[in-house]
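To keep things clear, I will list the structure first and then write my remarks on it.
The values are calculated or read from the model by the stated rules, or taken from the named source; none is laboratory data. These numbers come from a predicted model, not from an experiment. Ideal geometry is used to build each Cβ from the backbone, glycine not excepted, and the neighbour counts take in all protein chains shown.
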Amino acid sequence: MMKMHAIRLHPRLLLGTGLVLSAVFLLACEKEKVIEKSPRSNVAVELPKKPTLTPPKYVKQHSDGVWTVEGLLRNNKEVMGKTVRVRGKIVELTRCPPPKPYTQEEIDKFNKLHDKWKKLVRLAKKIKKIPPEEPVLAPKKQARTCNPRPKAMLMDEPANDRFQLIVAGSMYSPLKDFKDTQTVTIEGLFDMVTPDGHYMSQDGLIHLKDLPEPEDDDVQEAPGEAPPDKKGK
């Protein structure tokens with residue numbers, strides 16, 4: 001008969017084997033756990049509507065042939081570099097500040113100059129010469145431009161934030177008379193950049209030309225100074 005030999009295991013090996021078996025047992029227990037399912041909701045879910053691929057209808061031009069803001073910007077390639085007429089409501093306005101009034105020092109300086117002129121008139125009368133022209137204190141002129149440059153933003157009515165048109169020009173252009181929320185019909189060059197390069201838009205913008213300067217017939221008398229009589233007194 002064959003003799004059975006007993007196998008003696010090292011204590012450390014027994015401890016390691018026990019730890020492995022314990023880990024396997026714990027994993028098996030976790031797998032056996034029943035996963036609880038959450039109750040089904042009875043709330044109806046509304047999916048978003050399928051978007052339409054056809055562009056919405058819009059008004060290209062007004063009945064008198066003037067462009068709408070949206071119509072102009074949608075058809076910008078058709079009129080780029082041309083003079084166009086467009087109508088819209090002013091939703092933003094940037095203008096140069098009005099000229100500052102004359103200071104008291106400037107007024108006093110002018111009054112002294114006017115007093116000298118009176119003396120020259122009396123002298124010219126004595127020696128029978130033509131007197132010099134009377135000096136006048138003309139109103140200060142509005143600055144042509146400033147920083148930031150004058151501009152207005154136009155939109156159609158009802159407003160559509162997607163289509164806003166930049167209208168640029170100096171304070172010698174029709175822009176000088178614009179008012180907030182005013183609806184205006186303007187004519188100008190449709191381009192992507194203003195002549196000075198200050199404003200630009202890939203969709204296009206309007207640049208207004210300067211108006212002809214009116215002849216300066218009216219003059220402003222110096223404050224507190226009465227004009228001389230015909231005899232120069």
Exercise. Is it true that Leu154 is touching a His at 6+ places or on another chain (Cβ under 9 Å), surrounded by 14 or more Cβ atoms within 10 Å (Cβ to Cβ) and of a type outside the set (Lys, Arg)?
Worked result: no
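Quick grid of which residues meet (1) among the hydroxyl-bearing types (Ser, Thr, Tyr); (2) closer than 16 Å to Ile166 by Cβ; (3) assigned to a helix (DSSP H, G or I); (4) in contact with a Leu (Cβ under 8 Å, 6 or more places away or on another chain):
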position: Glu78; (1), (2), (3), (4): no, no, yes, no
position: Gly88; (1), (2), (3), (4): no, yes, no, yes
position: Lys100; (1), (2), (3), (4): no, no, no, no
position: Glu106; (1), (2), (3), (4): no, no, yes, no
position: Lys109; (1), (2), (3), (4): no, no, yes, no
position: Lys116; (1), (2), (3), (4): no, no, yes, no
position: Lys119; (1), (2), (3), (4): no, no, yes, no
For this session: Pick out the one residue from Lys100, Lys116 that is exposed (fewer than 13 other Cβ atoms within 10 Å of the Cβ), basic (Lys, Arg) and without any contact (Cβ under 8 Å) to a residue 24 or more places away in the chain.
Result: Lys116
Exercise. Somewhere in region 2-17, is a residue among the hydrophobic types (A, V, I, L, M, F, W, C) and at pLDDT 70 or above?
Worked result: no
Seminar exercise, completed: Cβ pairs under 9 Å, 6+ apart or interchain, first in region 42-69 and not assigned by TED's automatic domain parsing to the domain that holds Asp156 and surrounded by 10 or more Cβ atoms within 10 Å (Cβ to Cβ), second part of a loop (DSSP other than H, G, I, E, B) and at pLDDT below 70, ordered by first then second residue, are none
Seminar exercise, completed: Of the candidates Gly81, Gly88, the one satisfying the condition of being in contact with a helix residue (DSSP H, G or I) (Cβ under 8 Å, 6 or more places away or on another chain) and modelled with pLDDT of 95 or more is Gly88
Exercise. Looking at (1) on the phi > 0 side of the Ramachandran plot; (2) of a type outside the set (S, T, N, Q); (3) not in a loop (DSSP other than H, G, I, E, B), which is the one condition that is false for Lys128?
Worked result: (3)
For this session: Please specify each residue of region 131-154 satisfying the condition of being within 21 Å of Val184 (Cβ to Cβ), of a type in the set (Lys, Arg) and in a loop (DSSP other than H, G, I, E, B).
Result: Arg144, Arg149
For this session: Among the numbered conditions (1) of a type outside the set (Lys, Arg); (2) surrounded by 10 or more Cβ atoms within 10 Å (Cβ to Cβ); (3) within 18 Å of Leu205 (Cα to Cα), tell me where Asp161 comes up short.
Result: (2)
Problem set entry | Flag for Met171 being modelled with pLDDT of 95 or more and crowded, with 18+ Cβ neighbours inside 10 Å | yes
